[in-house]
1. Under the Cβ-under-4.7 Å rule, which cysteines of chain A stay unpaired?
2. Just the projected area, averaged over all directions, of the convex hull on the alpha carbon atoms of segment A:122-248: how many nm²?
3. Net charge around residue A:100, counting only other residues with Cβ within less than 10 Å of its Cβ (Lys, Arg = +1; Asp, Glu = -1)?
4. Report the closest approach of any chain B C-beta to the axis of the B-to-A rotation: residue and distance, in whole angstrom.
5. Computed on alpha carbon atoms, what radius of gyration and Dmax characterise segment B:104-176, expressed in Å?
6. Scan around residue B:40 for amide H atoms under 5 Å from its own, H built in the peptide plane at 1.01 Å from N, and keep only partners 5 or more places away or cross-chain.
7. Per residue, how big is the convex hull around the C-alpha atoms of segment A:2-119? Give it to me in cubic angstrom, could you?
8. Enumerate the calculated ³J(HN,Hα) couplings along segment A:92-98 in order (Karplus 6.51 cos²θ - 1.76 cosθ + 1.60, θ = phi - 60°), each rounded to whole Hz, writing x wherever the residue is Gly or Pro.
Protein chains: 2
Amino acid sequence: MSGAQDRGRVCVAGLGPGDEALVTGEVTQALSEATDVIGYIPYVARIAPREGLRLHPSDNRVELDRARHALDLAAQGRRVVVVSSGDPGVFAMASALFEALEAGPSAWLDIDIRVLPGITAMLAASARAGAPLGHDFCAINLSDNLKPWDLIEKRLRLAAEADFAMAFYNPRSASRPAGFARALEVLREACGPERPILFARAVTTPDEELRIVSLREARPEMADMRTVVIVGSSRTRIIAREAGPILYTPRSAVEAAA
Amino acid sequence: MSGAQDRGRVCVAGLGPGDEALVTGEVTQALSEATDVIGYIPYVARIAPREGLRLHPSDNRVELDRARHALDLAAQGRRVVVVSSGDPGVFAMASALFEALEAGPSAWLDIDIRVLPGITAMLAASARAGAPLGHDFCAINLSDNLKPWDLIEKRLRLAAEADFAMAFYNPRSASRPAGFARALEVLREACGPERPILFARAVTTPDEELRIVSLREARPEMADMRTVVIVGSSRTRIIAREAGPILYTPRSAVEAAA
């Protein structure tokens with residue numbers, strides 16, 4: 001342990017969905033010990049500057065460059081934190097780091113690498129709306145940058161057949177607006193028009209917006225790249241209240257005997 | 001806002017997988033304001049006693065009683081925290097609370113209810129092992145207390161066909177040891193014997209044990225009720241290192257062109 005402070009290391013840390021009260025103590029500690037913080041511009045903007053800390057904000061879609069940069073700095077003995085929003089292991093930087101590690105020089109295999117989990121967007125959204133992911137569920141990245149659209153559609157159909165609740169990351173971008181419209185069509189067909197769908201935008205930030213509608217009412221423009229979308233299973237229910245509806249999935253897959 | 005402190009409320013809070021450094025500030029704050037803490041005995045045991053705080057530990061399998069108790073105390077004006085391990089919205093107390101709410105007196109609909117997310121076991125396990133859930137995945141509760149075994153088996157087969165990585169909660173209990181053995185058979189058949197499987201026991205606690213084997217080598221007794229199990233997708237890879245293997249799923253669903 002005594003050499004640990006002298007050896008370089010990379011922590012891939014999850015900052016959670018936005019609210020600082022959702023950052024874990026483990027992540028705060030790693031940031032306080034860091035010499036370098038690397039990440040997408042808006043995430044690095046959340047880190048308070050201090051003496052001895054170098055911030056390396058970078059643009060989106062350069063995940064592999066960012067990962068190599070982190071490993072390279074750590075190989076030089078620096079204590080690097082790569083910041084992700086949400087959880088770094090869910091459609092975020094941890095996989096990119098391991099891709100870079102596997103393709104990189106074998107000396108990188110000696111680097112101390114830790115993944116520090118965070119509150120991922122779907123679970124923050126679920127908590128704000130109730131508990132729609134309280135029974136079996138799946139998480140699908142709707143971006144077709146890294147997989148063919150046919151595979152996305154196949155997964156939607158199989159997930160509906162399995163009667164999973166479903167959480168969708170990256171539902172919609174300006175560069176491919178048609179994909180999410182098509183996903184909604186597939187879901188309406190596979191789950192029926194009455195199934196509830198939650199659009200949770202910018203959860204736990206001042207811009208938060210939650211909207212629960214039926215698949216019949218759902219429109220592609222209800223989502224943007226700051227939105228996580230959750231579709232209920234056949235068991236998912238809405239409790240109407242003055243303070244706003246609660247969306248939840250009971251623990252049991254079958255109707256209670258009582 | 002001024003009346004908020006006088007009105008009763010229920011927070012359903014996630015304590016994370018075990019390490020206190022993984023508890024969020026939001027949960028710590030809610031506990032510091034609580035008059036009553038309700039939960040399963042080992043989770044309530046994690047809460048430090050203090051003047052003015054009543055602890056209500058209860059046995060397992062009484063989730064609905066516990067939920068009603070929490071709502072009843074809040075209706076009397078108390079500030080109640082229901083503690084779950086992990087995230088309360090993932091196979092935990094949040095759904096039970098909403099079931100009790102829906103079946104209870106209509107006056108309960110005025111109670112201030114908040115779900116405070118936590119680090120759920122599968123994401124803590126994923127972080128410790130690498131990033132096996134870095135691409136599309138599903139989460140399945142293998143307990144057949146609340147659903148028929150046929151449905152579990154159907155979901156396993158559909159999840160394999162969708163090529164999801166899979167996380168399993170409650171894989172095995174003394175009362176139904178045969179279920180998990182059968183699940184492993186189904187998975188071997190559907191995913192092939194070489195597919196990696198992670199047994200992550202008591203993650204982030206002093207009892208933590210991580211074990212990565214192939215489905216061929218997997219044995220039911222590698223899991224107990226403190227274990228979360230993750231099976232990779234067809235893309236999941238292992239990086240061998242002196243410090244221990246890394247299990248991760250690349251971001252792309254297809255072989256990289258480069």
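Where a number appears in this text, it was derived from the coordinates with a stated rule and is not lab data. Note that the structure is predicted; figures quoted are calculated from it, not measured. FYI the Cβ positions are ideal-geometry reconstructions off the backbone, even for glycines, and counts take in every protein chain you see.
1. If one checks each Cβ against the other cysteines of chain A, A:11, A:191 turn up with nothing under 4.7 Å.
2. Values: hull surface 29.0 nm².
Value for segment A:122-248: 7.3 nm².
3. Details: positive: A:66, A:68; negative: A:63, A:65, A:72, A:99, A:102.
Value of the local net charge: -3.
4. Residue of B nearest the axis onto A, distance in Å: B:138, 2.
5. 16.6, 47
6. Counting only residues 5 or more places away or on other chains, the set is B:58.
7. Numbers: hull volume 11.0 nm³, N = 118.
Each residue corresponds to 93 Å³ of Cα convex hull volume.
8. Taking θ as phi minus 60°, the curve returns 8, 6, 5, 4, 4, 4, 6 Hz for segment A:92-98.
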